[in-house]
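The block underneath contains the structure these notes are about, expressed in structure tokens.
The values are calculated or read from the model by the stated rules, or taken from the named source; none is laboratory data. All values derive from a computational prediction rather than experimental measurement. So basically every Cβ, Gly included, is an ideal-geometry build from the backbone, and we count neighbours across all protein chains shown. Accessible surface is based on the protein model in full, side chains and every heavy atom, while ligands, DNA and RNA are left aside. Shrake-Rupley method; radii C 1.70, N 1.55, O 1.52, S 1.80 Å.
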Amino acid sequence: MSYKPQLTGSWWLKHRFFKAYMLREATVIPLAFLLCSLLAGAFSLQDPERFQHWQAFMSNPLVILVHTLALTTSLYHAATFFVLFPRVMPIRVGNYQLPARYLVLAQWGAVWLVVALFIWLFAFGGQS
Amino acid sequence: MRSIQVLRYLPEESPQPFLQSFQVPVTDSTSVLDALNYIKESLDPTLSFRWSCRMAICGSCGVMVNGIPKLGCKDFLRNYPNDLIIEPLAHLPVERDLVVNMDSFLRHLEAVKPYLIEGKNAADSSQPNRQTPAQMARYQQFANCINCGLCYAACPQFGLNPEFTGPAAIALAHRYNLDSRDSGKAQRMAPLNSKNGVWSCTFVGFCSEVCPKGVDPAAAVNQGKVESAKSMLIQLFSGRAIGGAGQ
Ligand code: SF4
Ligand code: FES
């Protein structure tokens, strides 16, 4: 005769560690919205009138708010992912184990490289 | 003296578990296990719980302390100045008081064949099977597991699906897969590739937080995903059926 408590749907509210995990997983929601917006933008290119509608949609303050949220939550997701990465793929050179913090730094370095590339493309039109 | 609460379960007296308060003496070095032993010796001899080494090596004293899986002998009352509630390990059937049924945990451990399997990497068995310190360093962290089961009590995926192979068993499989003397990786990949294997993990990561031996089972499980992806690709291209799907 034994009993076994069942896990309820609110299990993740019991500890801050689980809440942080759920937050990490929830970052996909604003990101999905951003992707849908971009996809709609791509389709609206076929027709000038629709493109104007899309531009109006994109400048709606509420939409801008969700997109800013998508950026910040994606950065949070990236931060959690970058820390996990060296644990999933430890890099070993011969007998030397590369310290995790170098891998984390290298990943942020790659992010800044991409950001710099976009700034260069948009601000200077690709010309220096 | 201070008061602590213990979740009791005495099936012959009541079908429901209930909380009971006890007054126990405390010093700076009173562990949760010391408190339980005091209760059993001086207050209520019917209290049931497991322990043996009282030095974090046998892995038998796991309990939930204020909802977090802990080794009773490695956790101290001084860490809990306010309330302190001791409950049986989560996600496992409770037999009596703090005694849980570990059968499903043991079954998962067995399923991954946690021992050296002879084959092309094993030396002739009449010879010593040598290993360099560098070869040992590759798996040593995962060999520190004491099978306490705290990681299973921390894992919501195991709580939702008891068929999930789970952190410690996958860490142990990974430990033998990384061992230069072992040749059993192909056999172990079958349960790891299955739907209750590594892919049931969503990297919540709490298992590694609660592990009292620094094993980092979450890292092992997710390194196992990389290995599983590799082994499934190899099987796909070599045209063989994917082994172990559904075991
Ligand atoms: S991995 Fe850690 S928490 Fe899990 S059984 Fe082994 S020692 Fe215990
Ligand atoms: S009594 Fe052995 S680990 Fe706690």
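A few comments on the model shown:
- A versus B: buried accessible surface, summed, Å² (probe 1.4 Å, to nearest 100): 2200
- Loop-located trypsin sites (Lys or Arg not before Pro) in the stretch B:144-247 (DSSP state other than H, G, I, E, B) with a sparse environment of at most 11 neighbouring Cβ atoms within 10 Å: B:Arg240.
- A DSSP coil position with no more than 16 other Cβ atoms inside 10 Å describes none of the chymotrypsin sites (Phe, Trp or Tyr not before Pro) in the stretch A:1-101.
- Label zone at B:Ser48, where the point sits 7 Å out along the Cα-to-Cβ direction: the stretch B:1-25 residues whose backbone N lies under 15 Å: B:7-18
- Exceedance of the 19 Å cut-off in Cα-Cα distance is limited, within the set A:Lys14/B:Lys74; B:Lys70/B:Lys113; A:Lys19/B:Lys195; B:Lys74/B:Lys213; B:Lys113/B:Lys185; A:Lys14/B:Lys195, to A:Lys14/B:Lys74; B:Lys70/B:Lys113; A:Lys19/B:Lys195; A:Lys14/B:Lys195.
- In Hz, Karplus ³J(HN,Hα) per residue of the stretch B:26-37 (6.51, -1.76, 1.60; θ = phi - 60°; x = Gly, Pro): 10, 10, 5, 10, 6, 8, 4, 5, 4, 4, 5, 5
- Among the cysteines of the protein assembly as shown, those with no neighbouring cysteine Cβ under 4.7 Å are A:Cys36, B:Cys61, B:Cys73, B:Cys145, B:Cys148, B:Cys155, B:Cys201, B:Cys211.
- Exposed-site-free run, longest, chain B (rule: GluC sites (Glu not before Pro); DSSP loop; at most 12 other C-beta within 10 Å): B:14-247
- Mean separation of Cα contacts under 8 Å, 6 or more apart, over the residue count of chain A: relative contact order %: 18
- Relative contact order (%) - criterion: Cα under 8 Å, at least six apart; region: the stretch B:2-100: 32
- Taking amide H positions as modeled 1.01 Å from N, with prolines and chain starts lacking one, the residues under 5 Å from B:Gly62 and 5 or more places away or on another chain are B:Gly72.
- When you restrict to C-alpha pairs under 8 Å that are six or more residues apart and normalise by the size of the stretch B:133-189, the relative contact order lands at 38 percent.
- Dmax and Rg, reported as Rg then Dmax, of the stretch A:8-89 (C-alpha, Å): 17.1, 52
- A simple spin-label model places the labels of A:Trp11 and B:Ser29 3.9 nm from each other, with each point 7 Å out along Cα-to-Cβ.
- 0 to 90° range, to nearest 10: angle between helix B:167-177 axis and chain B longest Cα axis: 30
- 3J(HN,Hα) from dihedral phi, the stretch B:209-223, Karplus parametrisation 6.51/-1.76/1.60, rounded to Hz, x for glycine, proline: 5, 8, 4, x, 10, x, 6, 6, x, 4, 5, 4, 4, 7, 5
- Rounded to the nearest whole Hz, the Karplus-based 3J(HN,Hα) values (6.51 cos²θ - 1.76 cosθ + 1.60, θ = phi - 60°) of the stretch B:143-151 follow the sequence 8, 7, 5, 10, 6, 7, x, 4, 5, with x at glycine and proline.
- Between A:Ile64, A:Leu84, B:Asn66, the Cα set farthest toward the positive side of the dipole of the protein assembly as shown (charges on each charged residue's Cβ, about the Cα centre) is that of A:Leu84.
- The stretch B:204-235-the stretch B:72-149 distance, computed between alpha-carbon centres (Å): 14
- Estimated FRET transfer efficiency when R0 is 30 angstrom, pair A:Ala32-B:Leu160 (beta carbons, to 0.05): 0.80
- Between the stretch A:1-59 and the stretch B:1-40, the alpha-carbon centres lie 45 Å apart.
- Basic side chains Lys and Arg get +1 at the Cβ, acidic Asp and Glu get -1 at the Cβ, and with that the dipole of the protein assembly as shown about its Cα centre reaches some 840 debye.
- Shape call, the protein assembly as shown: gyration tensor on alpha carbons, a/c limit 1.5: oblate
- Computed over the stretch B:147-201, the P(r) curve from all C-alpha pair distances, binned at 5 Å from the origin, holds 4, 21, 28, 22, 15, 8, 2, 0 percent per bin.
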